[in-house]
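> Take this structure, written in structure tokens, and hold onto it; I'll ask about it next.
The values are calculated or read from the model by the stated rules, or taken from the named source; none is laboratory data. On a predicted model such as this, the values are computed, not experimentally measured, just so you know. Positions of Cβ are backbone-derived with ideal geometry, glycine not excepted, and every protein chain shown enters the neighbour counts. SASA here: full protein model, heavy atoms, side chains in, ligands and nucleic acids out. Shrake-Rupley method; radii C 1.70, N 1.55, O 1.52, S 1.80 Å.
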Amino acid sequence: AGMTDGVKCSVCGEILVAQEEIPALGHDFVNGDCSRCDAVKDVPFEDVPVGAFYFDPVEWAVEKGVTTGATETTFNPNGDCQRAQVVTFLWRAAGSPEPTTTENPFTDVKEGDFYYKAVLWAVENKITNGLTATEFGPFALCNRAQVVTFLWRAMKEPASDAEVNFTDVKDGQFYTTAVAWAVENGITNGMSADTFGVDVTCNRAQVVTFLYRTQVK
């Protein structure tokens, strides 16, 4: 923006002070909906509506290459997330780093699987272990406690003194500090005022939202 020319008053001859041009604010999109006007973003998938809490996270995840849609026109936000998918999302969000180990102890993880390097990286970085010494369980479903714990470990297990009063979060569990950290940092809240939903399976919308809030917010 520049300055407009001064204007000379035809009565007194005084030069009026030039006024600075104020640039337009532009759009301020939140989950696809502009907070300043009626503009909305193009919907990336037909099942990701404008205003949905996961609109921005899905857009971010697709742009960053964390995940794609289930099809060209659908994201499948309510689809259950498996262990292989969650560690792959985390790995891609971290920039798809090459694992330094080539030792693969799992009989259910084969070279060439889309999650092969992600699993080796996750185990190497102590984000998760196998379900047993020889089985990773790539197709086992991930619950909320497991997902926030994976995220917390990927963030190098930050301390949290936040108090949570969820009846299903007991002291000393593998997810106790992870839940407190997630709530403290606005990554997720409980399923209700007094339950976190530790055993509730995480869907695709929730996982990418947790990741987005961890890395972007």
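> Within the range 68-96, take every residue that is polar (S, T, N, Q), within 22 Å of LEU141 (Cβ to Cβ) and modelled with pLDDT of 95 or more and give me the one that is surrounded by the fewest Cβ atoms within 10 Å (Cβ to Cβ).
That would be ASN78.
> Considering each residue of the range 170-190, count those that are free of Cβ contacts under 8 Å to residues at least 24 places away in the same chain and either at positive phi or of a type outside the set (S, T, N, Q) (or both), and give that number.
5
> Out of THR167, THR188, report the one residue that is more than 28 Å from GLY79 (Cβ to Cβ) and β-branched (Val, Ile, Thr).
None of the others qualify; the one that does is THR167.
> Applying the selection to the range 97-129, what residues are out of contact with any Pro (no Cβ under 6 Å at 6 or more places or on another chain), open to solvent by 20 Å² or more (accessible area, probe 1.4 Å) and part of a helix (DSSP H, G or I)?
Scanning the range 97-129 gives TYR116, VAL123.
> Would you be able to tell me the number of residues in the range 180-203 that are open to solvent by less than 20 Å² (accessible area, probe 1.4 Å) and in contact with a helix residue (DSSP H, G or I) (Cβ under 9 Å, 6 or more places away or on another chain)?
Looking only at that region, the number is 8.
> Residue by residue through the range 130-162, note down the ones that are farther than 21 Å from GLY190 by Cβ and surrounded by fewer than 13 Cβ atoms within 10 Å (Cβ to Cβ).
THR132, ALA133, THR134, PHE139, LYS156
> Follow-up. Which one of these does VAL169 not meet: (1) open to solvent by less than 50 Å² (accessible area, probe 1.4 Å); (2) under 25 Å from GLY65 (Cβ atoms)?
The number of the failed condition is (2).
> Scan the range 45-67 for residues that are in a helix (DSSP H, G or I) and open to solvent by 30 Å² or more (accessible area, probe 1.4 Å) and jot them down.
Residues satisfying the conditions are GLU59, TRP60, VAL62, GLU63, LYS64.
> Would you be able to say whether some residue in the range 199-217 is of a type in the set (D, E, K, R), within 16 Å of the chain's Cα centre (by Cα), in a loop (DSSP other than H, G, I, E, B) and within 23 Å of LYS64 (Cα to Cα)?
yes
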